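The values are calculated or read from the model by the stated rules, or taken from the named source; none is laboratory data. Source: prediction; values computed, not measured. Glycine gets a Cβ as well: all are built from the backbone with ideal geometry, and neighbour counts include every protein chain shown. The accessibility values were calculated without ligands, DNA or RNA, using every heavy atom of the protein model including side chains. Shrake-Rupley method; radii C 1.70, N 1.55, O 1.52, S 1.80 Å.
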Amino acid sequence: MIFASLFFLYFFLPLNLLLYYVVFRRPQYRNLVLILFSLFFYAWGEPVWIILLIFSSCIDYLHGRFIQRHRGTPLARLGVASSLVLNLGILFLFKYSGFFVSSLNAVLHLSLPVPGFRLPVGISFYTFQTISYVVDVYRGDVEAEDSYLGYLMYLSLYFQLVAGPIVRYKTVASEISSRRVTMEDFSDGLTRLAIGLAKKVMLANTAGQIASRYLDGDLSALSVAGAWFGALLYTLQIYFDFSGYSDMAIGLGRMFGFHFDENFNYPYLSKSVTEFWRRWHISLGSFFRDYLYIPLGGNRRHWFGNLFIVWFCTGLWHGASWNFVFWGLFYGLLIILEKAFLGRILEKLPALFSHLYLIAVVIFGWVLFYFTDISRLLAYLRTMVGLTGAPLWDLGLQVNFSNNIFWLIAAVAGCFPILPALSRWMSKRRGLDTLRYFGRLVFTPAMLLVSTAMLVGQSYNPFLYYRF
């Protein structure tokens with residue numbers, strides 16, 4: 001099940017809200033309602049993987065209790081090690097074992113049988129959540145959750161279960177047992193849900209449909225400008241798809257009393273790769289910083305090697321394919337160069353040039369990210385840089401560009417914080433604050449209605465990050 005579906009929007013969510021707010025009013029019952037709806041949500045596509053989710057919740061609930069009981073002793077470190085081995089072992093088995101054996105066969109010319117496990121949806125996200133919980137308990141940053149049902153709810157909340165953001169336990173610890181939803185919270189959450197849905201349906205889906213003509217079509221017929229246009233469209237698609245999902249997750253959380261941290265902060269406004277990764281998928285970047293980079297030594301020692309390890313793992317986390325590894329190392333190399341000398345050069349350049357550098361790097365990076373077929377990846381990159389003898393422009397590109405020019409302007413504008421800036425401006429001026437609230441009363445239903453109308457007629461509606 002996905003958020004951008006008619007079943008979720010007009011049956012699942014209303015029924016959840018009805019039972020949560022009207023039928024069951026005691027906190028313990030409301031938590032149980034959320035657990036049951038979350039497990040049903042997860043089981044919609046692959047019921048068998050509920051067993052794995054519940055198993056993960058059981059072992060780390062017990063690990064958390066054990067570590068807290070023995071905090072400050074070698075037994076606590078043993079508990080952390082046990083949790084890491086189990087969680088990362090499960091993740092490796094289901095996500096990477098086939099890739100590892102295939103690579104081994106290719107390098108050593110072996111014929112080992114390749115495991116064919118199907119990837120459980122969201123395993124990369126909830127594995128990192130449960131690891132962060134265990135480590136934070138060990139560090140004394142949080143107290144272990146007393147109630148197993150409370151921990152199961154934290155791990156399985158359908159708002160963020162299958163595609164993030166990676167919510168740390170300490171962010172919502174106090175809200176698991178006690179939370180209060182105000183009308184402002186609910187209204188803000190509903191507006192955020194509508195904005196995220198509009199990003200997904202109006203912008204991401206449209207970008208993906210057009211981009212696939214270039215990325216998945218006949219590369220021999222592709223012009224240089226067409227290759228760049230397809231890559232630009234995918235750059236827009238993945239941003240609006242994932243940030244739209246994060247907006248919906250944050251909005252849904254607010255509607256039920258949970259306050260998740262932001263996961264995107266207009267990353268395409270960045271002027272360096274370092275800044276970009278402070279703004280893009282913030283929960284993942286902060287996870288690798290706090291639970292891998294700093295424990296390895298951070299900036300204090302061997303920072304070069306630490307960054308290499310972090311970005312190798314960042315790439316591999318996204319998928320069991322060499323193109324993801326190359327993508328991660330590509331960004332790791334650029335961040336190392338910026339840290340060594342390039343960052344100082346970028347700071348001295350006019351902002352426009354630094355920004356153009358970042359956009360070119362990001363577009364190139366998303367091409368690495370998109371193609372799991374290395375030969376097709378190289379062919380596409382050769383076309384982008386004009387090494388295939390392809391024409392610079394073609395008539396089909398001109399038609400597509402002309403037909404979608406207004407949509408493209410709207411999509412590019414969506415990468416800028418226009419709506420938040422307008423809202424802040426209106427809130428500071430007498431007489432306009434009331435108009436701002438009135439505008440929200442019109443804006444939210446309008447976004448929901450337009451998105452619904454588009455969903456009725458769309459067959460292309462994937463969520464890109466579900467496969468991670």
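Quick look at the numbers
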| read-out | value |
| --- | --- |
| Any chance Ser82 is surrounded by fewer than 18 Cβ atoms within 10 Å (Cβ to Cβ), more than 30 Å from Leu448 (Cα to Cα) and among the hydroxyl-bearing types (Ser, Thr, Tyr) | yes |
| Failed item in (1) touching a residue at least 60 places away in the same chain (Cβ under 8 Å); (2) open to solvent by less than 10 Å² (accessible area, probe 1.4 Å); (3) out of contact with any Lys or Arg (no Cβ under 7 Å at 6 or more places or on another chain), with Ser177 passing the rest | (2) |
| Matching residues in region 128-150 - criterion: being within 26 Å of Leu193 (Cα to Cα) and over 22 Å from the mean Cα position of the chain (by Cα) | Gly150 |
| Filter pass, Ile238 being within 17 Å of Ala413 (Cα to Cα), in contact (Cβ under 8 Å) with a residue 12 or more places away in the chain, β-branched (Val, Ile, Thr) and part of a helix (DSSP H, G or I) | yes |
| Qualifying position, being open to solvent by 60 Å² or more (accessible area, probe 1.4 Å) and either in a helix (DSSP H, G or I) or on the phi > 0 side of the Ramachandran plot (or both), among Leu91, Leu52, Leu62, Leu34 | Leu62 |
| Which numbered condition Met202 fails, given (1) closer than 25 Å to Val361 by Cα; (2) assigned to a helix (DSSP H, G or I); (3) within 20 Å of the chain's Cα centre (by Cα) | (1) |
| Hits in region 180-193 (condition: open to solvent by 50 Å² or more (accessible area, probe 1.4 Å) and not acidic (Asp, Glu)) | Arg180, Met183, Phe186, Leu190, Arg192 |
| Members of region 94-112 that are loosely packed, with under 13 Cβ neighbours inside 10 Å and under 25 Å from the mean Cα position of the chain (by Cα) | none |
| Any hit, region 346-361, residues being at pLDDT 90 or above and not in a helix (DSSP H, G or I) | yes |
| Cβ pairs under 8 Å, 6+ apart, first in region 320-349 and closer than 17 Å to Tyr96 by Cβ, second in a helix (DSSP H, G or I) and among the basic types (Lys, Arg) | Ala320/Lys95 |
| Residue within region 138-159 that is within 17 Å of Ser38 (Cβ to Cβ), buried (at least 22 other Cβ atoms within 10 Å of the Cβ) and free of Cβ contacts under 8 Å to residues at least 40 places away in the same chain present | yes |
| First in region 382-408 and at negative phi, second anywhere and open to solvent by 80 Å² or more (accessible area, probe 1.4 Å) and charged (D, E, K, R), Cβ under 9 Å, 6 or more apart | Thr388/Arg382; Ala390/Arg382; Gly396/Arg213; Asn400/Arg213 |
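Residues are listed down the side, and each one gets a yes or a no for (1) touching a Leu at 6+ places or on another chain (Cβ under 8 Å); (2) more than 22 Å from Trp322 (Cβ to Cβ); (3) in contact (Cβ under 8 Å) with a residue 12 or more places away in the chain:
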position	(1), (2), (3)
Arg77	no, yes, yes
Leu93	no, no, yes
Phe99	no, no, yes
Val107	no, no, no
Arg118	no, no, yes
